[in-house]
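Shown next, in structure tokens, is the structure this report addresses.
The values are calculated or read from the model by the stated rules, or taken from the named source; none is laboratory data. Remember, predicted model here, so these are calculated numbers, not experimental data. So basically every Cβ, Gly included, is an ideal-geometry build from the backbone, and we count neighbours across all protein chains shown.
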Amino acid sequence: GAGVSQSPSNKVTEKGKDVELRCDPISGHTALYWYRQRLGQGLEFLIYFQGNSAPDKSGLPSDRFSAERTGESVSTLTIQRTQQEDSAVYLCASSLRTITDTQYFGPGTRLTVL
Amino acid sequence: GNSVTQMEGPVTLSEEAFLTINCTYTATGYPSLFWYVQYPGEGLQLLLKATKADDKGSNKGFEATYRKETTSFHLEKGSVQVSDSAVYFCALRGSGGSNYKLTFGKGTLLTVNP
């Protein structure tokens, strides 16, 4: 595909359930980023991957959040035991090589926790 | 830490009106500055950027000048069109050890009426 894709586009879940969000970066992009946008807030950095490694996980809000990347391609963000405050749009971005390259964003996954 | 403050919206203008969306930032060192745009139903797209003081970024008739003395990066367009209706985000990328992450403002919704 030409751009970053994310799935699902919308996810409604019940409090306490686990969810997995998927990101497919632009082919050949080595850096991948996850951000979160809660209602009325700016985007909040969560984690970044260089290749399959995550040098900085400090943006993850709690230990219920985890992320992995395989094959220097697809990434999944997992939220365990979801809470209502996890409701947000989760955005993925990728950049070509270095961290100074332009970040290209996907359309996001809107997560609603009931 | 780094932060970005942009004017609260929503902003409503008539076609061909002049647009200014204010953005100021707090950061150490020499950040890079960005404006991203999100059209309805689409992902974030980079609109323009500036990487050093006094640089002017421009694209699609939009301009913003990196002013270090006032720590600002205001977005301007001389004559807006209906198709410019979108949410605009000001962002910075720091120059220090965490220069892989973007810090965003909360976004400004622009509506342009015919």
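Quick notes on this structure:
- Going through (1) part of a loop (DSSP other than H, G, I, E, B); (2) within 15 Å of the chain's Cα centre (by Cα) one by one, residue B:34 falls short only on (1).
- All of B:12, B:26, B:65, B:20 fail the test of being within 18 Å of residue B:103 (Cβ to Cβ) and either at pLDDT 95 or above or hydroxyl-bearing (Ser, Thr, Tyr) (or both), apart from B:26.
- Residue pairs meeting the criteria (Cβ under 7 Å; at least 6 apart or on separate chains; first β-branched (Val, Ile, Thr), in segment B:96-107; second in a loop (DSSP other than H, G, I, E, B)): B:103/B:2
- Subset of segment B:1-26 [outside any strand (DSSP E or B) and either loosely packed, with under 13 Cβ neighbours inside 10 Å or within 14 Å of another protein chain (Cβ to nearest Cβ) (or both)]: B:1, B:2, B:7, B:8, B:9, B:10, B:16, B:18
- Test: residue in segment B:68-75 that is surrounded by fewer than 21 Cβ atoms within 10 Å (Cβ to Cβ), more than 27 Å from residue A:6 (Cα to Cα) and without any contact (Cβ under 8 Å) to a residue 40 or more places away in the chain: yes
- One residue from A:64, A:97, A:110, A:69 being more than 10 Å from every other protein chain (Cβ to nearest Cβ) and surrounded by fewer than 14 Cβ atoms within 10 Å (Cβ to Cβ): A:97
- The set of residues in segment B:61-107 being closer than 19 Å to residue B:11 by Cα and assigned to a loop (DSSP other than H, G, I, E, B) consists of B:61, B:73, B:74, B:78, B:79, B:80, B:81, B:85, B:105, B:106, B:107.
- The criterion of being surrounded by fewer than 18 Cβ atoms within 10 Å (Cβ to Cβ) and either small (Gly, Ala, Ser) or within 13 Å of chain B (Cβ to nearest Cβ) (or both) holds for residue A:53.
- Extreme residue, nearest to residue B:85 (Cα to Cα), among residues of segment B:1-54 that are small (Gly, Ala, Ser) and touching a Leu at 6+ places or on another chain (Cβ under 7 Å): B:9
- Checking each residue in segment A:59-114 for being assigned to a strand (DSSP E or B), among the small types (Gly, Ala, Ser) and touching an Asp or Glu at 6+ places or on another chain (Cβ under 8 Å) picks out A:75, A:95.
- Tally, over segment B:49-60, of residues that are assigned to a strand (DSSP E or B) and either among the hydroxyl-bearing types (Ser, Thr, Tyr) or within 11 Å of another protein chain (Cβ to nearest Cβ) (or both): 2
- Reported count of residues in segment B:37-57, each being surrounded by fewer than 19 Cβ atoms within 10 Å (Cβ to Cβ) and within 11 Å of the chain's Cα centre (by Cα), is 1.
- Looking across segment A:6-48, the residues that are over 11 Å from the mean Cα position of the chain (by Cα), assigned to a strand (DSSP E or B) and modelled with pLDDT of 95 or more come down to A:10, A:11, A:12, A:13, A:19.
- Failed condition for residue B:76, given (1) within 13 Å of the chain's Cα centre (by Cα); (2) on the phi > 0 side of the Ramachandran plot: (2)
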